[in-house]
């Protein structure tokens with residue numbers, strides 16, 4: 001750890017949690033500046049992919065300040081906003097604690113404090129990269145999802161175009177921390193963000209991890225030229241169908257989150 005504000009790629013949960021605690025107040029504002037407003041489009045695309053319905057129980061893991069959770073709760077579904085950062089959850093409660101169908105839980109993604117087959121849908125945005133054992137987290141998400149339930153993961157990814165990928169990596173390494181400082185957020189935290197994005201597997205590799213955890217109907221869609229990818233899957237409804245699928249992942253591509 002370079003300072004008290006930056007976690008190294010060891011992804012020690014206490015250090016990463018502490019880093020997010022310190023940037024919680026300005027987190028959403030900085031994200032909007034850094035993504036040129038695309039964060040709202042990506043959040044809307046994620047909500048549409050989850051397709052929440054009144055009466056459903058939905059887990060929003062790595063909920064952060066609960067902007068995504070509030071979007072899901074607007075459907076009338078019962079939403080649990082879970083995160084390992086107390087500071088993020090406190091900011092989420094301050095902003096959205098008035099919503100009667102939204103609850104907040106501090107949780108470790110690799111040891112979720114929920115029962116088997118509890119949720120109709122589970123979702124996670126931009127958080128799995130920060131978990132020491134992401135494949136274990138995928139297995140935990142599988143465990144707490146009802147048979148036939150849905151998984152939606154929105155995560156920073158690898159733009160398939162070589163030129164755009166090079167520009168994107170330059171922006172992340174050289175521009176993003178400076179933008180964060182101008183926006184009033186600790187730039188060192190965003191050095192960590194760049195490192196975690198750079199070391200994250202590409203879309204097809206990550207889709208393979210999802211299949212290996214037992215999920216079926218695995219597919220992904222690129223948003224904004226692959227800066228992020230929206231991964232979707234379903235928990236098989238029957239025990240016989242719970243073996244990982246051998247079929248090729250459906251790598252559909254879209255240029256924007258619309």
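Where a number appears in this text, it was derived from the coordinates with a stated rule and is not lab data. This structure is a prediction, so every number in the text was calculated from the model and none was measured. Neighbour counts run over all protein chains shown; Cβ positions are idealised from the backbone, glycine included.
Here are a few things to note about the model shown:
- Spacing of the two label points (7 Å from each Cα toward its C-beta) at residue 237 and residue 139, in nm: 2.7
- Projected-area mean, segment 79-138, by convex hull of Cα positions, square nanometres: 4.5
- Separation of the residue 198 and residue 173 label points, Cα + 7 Å toward Cβ, nm: 0.6
- Taking segment 42-114 and dividing mean pair separation by its residue count, relative contact order in percent (alpha carbons under 8 Å, at least six apart): 29
- Scattering from segment 52-153 was approximated by placing one identical point on each alpha carbon and applying the Debye formula without solvent; log10 I(q)/I(0) at 0.16 1/Å stands at -0.59.
- The gain in end-to-end length when the residue 205 to residue 40 segment is fully stretched comes to 56.8 nm, 0.36 nm per residue minus the alpha carbon separation.
- Listed peptides 44-56, 121-133, 162-174 by packing density, highest first (mean Cβ within 10 Å): 121-133, 44-56, 162-174
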